[in-house]
Every structure is written in C-alpha cells, then in structure tokens.
Amino acid sequence: MDTTFFQGMRPSSTIVTIREYESKGSGEVANYQLVFHINYRNALEKALRIVEDFNPANEIEEIAKQELIQSYANRILNIEENDHEDPHYSLVADENGIPVKGIKIHNESGKLHMWGFVIGKETLKDGTFKEVKSSEKTLAKKKIEALTTLSKFRQFIVDRSKVVVSEGEHFTP
C-alpha cells in the first residue's frame, strides 16, 4: 500500500477537512473539520481526571460518573493491550518516519480510517434521524462527557480524495 502521500506531514496535531462525508445511518452529507494525529490515550487520561472531579447532583449522575470512570479506565487498558499492528491495515508515517496517530489505511479497500476531534461541521444535505429515547442514566453520561473533549471524538472511513489538509493539499498519491 502506497503511503508516500503522507511523508510531508508534520509530526504534530493536524487539522484536516473531510469533504462530503455521508453518514451511513442518516444519509446526512457534511464537510467536517477534524483535529487528528492526536494522542487518544492522553485524551482519555485527561477525560478520566475531569470525570473523577465531577460533583454529581443526584444518584443517577453518581452512577453515570462511576460507569464513565470504569469505561475510560478500560479503554486506556485496551490501548495498552492492543498496541500492535493489525495485518488488515497499513500504518502511515510522518516526515520523520514515526507512525501518524489517528489514521490507517485498509489494505483491501484502500480507504482511510481516520479519527480525531471534530471542531467544525457544515451540513450540505440534511439526513433522516431516528427519534432517540435515552434513559436518564444515558442523558447523565452525555452531560458529564460533554465536559471532556471525548464528546467531540469521531471516526471516519473515507476515500483519500475527500480529505484536505489545513495547508490545502489533498491526500492523493
């Protein structure tokens, strides 16, 4: 798999635009601005500290807080246990030869699998969304997680031609 189109990437967080991304569930089409090449483990650790310091207003929020703490701790452990290469994907290196965090290429499809923090969204075509009836505990978790950057974390599977780096270059070979 050719990954040379990433060789000029700087070795730090990078802002990219993902153009005309269609959400599979709703059919919504939007342009997203994404900060990627981030350290997800650091984001989890920071979120864990924020949630640990959160003062619940009631018993449901206390239960939600404890479940989020356990979830974040498990994710951190999962990163440590699964920090290895997957034979179905190619890693991408930056200009210094260091693997870029937040991106990998599926070997068969050639699609980019990117993840990071959404910092902007421009809806091009409205989608159809199902009505969601969340429990009180789920709403409490969302309220608490909104205090962290993890509420903005998102994963995308895209064609290279749909991604533009902040300097205006397309990710194309």
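Quick notes
- Two-site FRET efficiency, Lys133 against Ile60, from Cβ-Cβ distance with R₀ of 25 Å, rounded to 0.05: 0.95
- For Gly116, distant residues with modelled amide H under 5 Å away: Arg154
- Among Val16, Ala43, Thr123 the positive-end extreme of the charge dipole of region 4-165 (Cβ point charges): Thr123
- Exposure proxy ranking, count of Cβ atoms within 10 Å, fewest first, for Phe54, Phe156: Phe54, Phe156
- 14 Å cut-off, amide nitrogen to a point 7 angstrom out along Val29 Cα→Cβ, residues in region 150-165: 162
- Whole-number D in µm²/s for region 4-165 (Stokes-Einstein; Kirkwood sum over Cα pairs; 4 °C, 1.567 mPa s): 74
- Normalised by 2.2 N^0.38 Å, where N is the number of residues, the alpha-carbon radius of gyration of region 117-156 equals 1.43.
- Per-peptide average of other Cβ atoms within 10 Å, ordering 117-123, 135-141 highest first: 135-141, 117-123
Values quoted throughout were computed directly from the atomic coordinates according to the rules given, and no laboratory measurement underlies them. No experiment lies behind these values; they were computed from the predicted model shown. No Cβ is skipped: glycine too gets one built from the backbone with ideal geometry, and neighbour counts run over all protein chains shown.
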